[in-house]
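Structure, as structure tokens:
A short reminder: the numbers here are calculations on the coordinates, not readings from a lab. Computed from a prediction, not measured in an experiment: that's the story for all the values here. Quick reminder, even Gly has a Cβ in these numbers, built from the backbone with ideal geometry, and neighbours come from all protein chains shown.
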Amino acid sequence: GRLRDLVGPEAADVAVPEDVAAAVVEVLKAWAHGDERWPRRPVGVVAVGSRRRPRLVGSLAERIAAVGRLPLLGAVTPTGAPAGGPRGNSAQRVRALHGAFAVPDDLADALAGLDGPVLLVDDLVDSGWTMTMAARELRRAGAPDVLPLALAVAG
């Protein structure tokens, strides 16, 4: 389907299409006003620095920030070589991601003054460990809380 074209293994890195961005905004509206709403509205947007699709993730974060009238605070950046090889079990995945993300100084400065959660944006959640480890780094850098959002979940 439409999301597979954007996040599948052979997908090109493109800016988020308007129809997909609009659908994400509708999901966020439902989360903000629905029966199981967020405890607090996000006060800023952070992208997961993507090696596979930086344009897609970055443009999605920009669009969400603009529509939600939230500051785009920056991106959690990948460090070192990309994890390769077989996917492995959960322990192997988390070990491969340990220390895989850094919070740049300008993002850390922006996080220090926040009084609410940040929305962490990525393209695809597979095991959940990338989002978890990126959120961990944001919390360590001063984010009061982190709310994850991805275009798709694998499996």
Residue exposure sequence - L119, L147 - by fewest surrounding Cβ within 10 Å: L147, L119
Three principal axis lengths of the chain [C-alpha, angstrom, descending]: 41, 37, 28
Amide H to amide H under 5 Å from A75: which residues, 5+ apart in sequence or cross-chain, H placed 1.01 Å off N in plane? A47
Hey, what do the phi angles of the range 66-71 turn into as Karplus ³J(HN,Hα) couplings, whole Hz, using 6.51/-1.76/1.60 and θ = phi - 60°, x for Gly and Pro? 5, 5, x, 6, 10, x
Structure-based [θ]222 nm, the chain - -39500 (n - 2.57) summed over DSSP H runs of at least 4, per residue, nearest 500: -12500 deg cm²/dmol
Just want to confirm a number: the relative contact order over the chain, from Cα pairs under 8 angstrom separated by 6+ residues, in percent. 24 percent
Site A66, offset 7 angstrom along Cα→Cβ, radius 17 Å on amide nitrogen, limited to the range 1-19, gives 14-19
Of all stretches in the chain that avoid GluC sites (Glu not before Pro) placed in a DSSP loop and having at most 11 other Cβ atoms within 10 Å, the longest is 37-155
Residues with amide H under 5 Å of G44's amide H, sequence separation 5 or more or different chain, H placed in the peptide plane at 1.01 Å from N; which? L119
